[in-house]
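What follows is a short report on a single structure.
The values are calculated or read from the model by the stated rules, or taken from the named source; none is laboratory data. A quick note: this is a predicted structure, and the numbers were derived from the prediction, not measured. Heads up, the Cβs are rebuilt from the backbone with ideal geometry, glycines too, and the neighbour counts pull from every protein chain shown. Only protein heavy atoms, including side chains, enter the accessible area calculation; ligands, DNA and RNA are left aside. Shrake-Rupley method; radii C 1.70, N 1.55, O 1.52, S 1.80 Å.
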Amino acid sequence: ITSAVAFDILPLKLHPFSQSTPTGLDCVGWKRRISSPVITDGALDKTALTDDVGSEEDLYEDFRSSNHRYGHPGGGGEQLAINELISDGSVVYAEALWDHVTMDDQELGFKAGDVIEVMDATNKEWWWGRILDSEGWFPASFVRLRVNQDEPMEDYPLKVEGGKEDDSSSGTRRFGMGQTTKDQMRTNVINEIISTERDYIKHLKDICEGYIKQCRKRADMFTEEQLKTIFGNIEDIYRCQKKFVKALEKKFNKDHPHLSEVGSCFLEYQTEFQIYSEYCNNHPNACMELSRLTKVSKYVYFFEACRLLQKMIDISLDGFLLTPVQKICKYPLQLAELLKYTNPQHRDFKDVEAALNAMKNVARLINERKRRLENIDKIAQWQSSIEDWEGEDVLVRSSELIYSGELTKISHPQAKSQQRMFFLFDHQLVCCKKDLLRRDILYYKSRINMDDMEILDVEDGRDKDFNISVKNAFKLHCRDTEEVHLFCTKKPEQKQRWLKAFENERKQVQLDQETGFSITEVQKKQAMLNASKQHHSGKPKAVTRPYYDFLMRQKHPTLPTTLPQQQVFMLAEPKRKPSNFWQNISRLTPFRK
């Protein structure tokens, strides 16, 4: 049986792998065969729990011992269906939701949007796949299986001279009741968008009513601040998505799904989708707080009782809280596939095209903010490596290293010149001195507040303020105190890079003000604490934070026995070779020294 025949026979809704949800979440909405006690208003209703099992812990153990598991039947219907197609010689493709960065040669690295050929899906957590000539294991939850598996990798449809579709190609093959294959492909994508939105709404409702509502009844266990850390603004996301799915359903043509016009819905809600940025930024804090709480058994039992009473599928709370992060990454992939099967003459074509660009911009904004937050760890590590540090931490005012390099600084009154290393962050320029013997060791010397400075380009020749001849020079002039700092570079191109860097620093500050980007005190303190621990240990810190660990905690028995040195950096972390921090400091900047 070929993949084309398989998809012609089976309607989309019967494909267990047509739902682009994380592994295990395609079971959302399954009926359960148990009756559950109810948590009433106020504290957790002890009578409802103790009549049968006595406590939250007993409830948890009772359900566990009675084998009520709500995952995939028989080890995973999704995997069975995929492997049946693979064993029949069909090619199964998946699209990466985000980057999988790995240093293990038995794992397959990829970037968001890459298309992976799935070669083995026997294991629920890890699949074997191929990209071009590279093969390896990758996390199943990091990909979305393509809706239309029988399509070739090349863009559809095929064209002939004159700009018309080739009637002899499979692109105009009739499908069912007079529909072309392309119309059916569009139907498949529309159905997937609608069905996954409905499942996602139920999923968000379960989190809000199954967890948040019950947590608020237990003031003895949770503070409002803790709940804000764990769940972020997911209630705002729930309200937004309810309105969005209603708008989608109004545009959904039930009789002829391929005629549905959904592009305008994405355009209408593109601004509201930016609330995902706050959620994604908070997500690492949520995972750390959950990791801390679940070290105490009563919280483990309470969270599991919430899940069972809400009749949610069998994955942990941190897995549920990951799905909004996945969802916002999935929209551009869905819209790209929808555009691929939308004829230019279709009334929805222009809106889908604009919606794809809009959602790419939303995802790009979120990715950029995510990258900025991950950079604060590197900045904290850098500061901890500087000797004789004085004054406030860099992170108090800054969150981005714009540029770094050596400059000759000339000071009054004797026009004394000094060779120094300078690090330009948003809002401040930090000056350090290299150790005479060990050039990789830096000593803190001073810093300049960039908010008070203007940049002056200095022509080669004699400078009137300092009464010396200069070459490749520029000045920082303080508007308030009239203080002037003179700097020189060795080459003209280095001077231009610095001038461009100062321009970028001001643009970054302005952009942060316009978008409201900020780092919480908790994030700053955690970054400095992590850096301090690493600095005292004297060893490179492994990626063991709960935020990454919970994604990768299970591996197939036949997989590599050693965990990869660098596991997973989500959304937009670039791939790097192993090296110490000082050698890689320039990677935080847009230029190389």
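From the list ARG420, ARG438, pick out the single residue that is of a type in the set (Lys, Arg) and in a loop (DSSP other than H, G, I, E, B).
Details: ARG420 fails: in a loop (DSSP other than H, G, I, E, B).
Within the list ARG420, ARG438, the selection yields ARG438.
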When you check SER384 against the structure, is it touching a His at 6+ places or on another chain (Cβ under 9 Å), open to solvent by 10 Å² or more (accessible area, probe 1.4 Å) and not assigned by the TED database to the domain that holds GLN496, yes or no?
yes
Test each condition in (1) among the polar types (S, T, N, Q); (2) assigned to a strand (DSSP E or B); (3) surrounded by 13 or more Cβ atoms within 10 Å (Cβ to Cβ) for ASN367 and report the one that comes out false.
(2)
Taking the stretch 409-465 only, how many residues are in contact (Cβ under 8 Å) with a residue 40 or more places away in the chain, surrounded by 15 or more Cβ atoms within 10 Å (Cβ to Cβ) and under 18 Å from ARG479 (Cβ atoms)?
5
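Going by the conditions given, is PHE252 more than 15 Å from ASP348 (Cα to Cα) and over 19 Å from the mean Cα position of the chain (by Cα)?
Working: more than 15 Å from ASP348 (Cα to Cα): no; over 19 Å from the mean Cα position of the chain (by Cα): yes.
Considered against the rule, which asks whether it is more than 15 Å from ASP348 (Cα to Cα) and over 19 Å from the mean Cα position of the chain (by Cα), PHE252 comes out as no.
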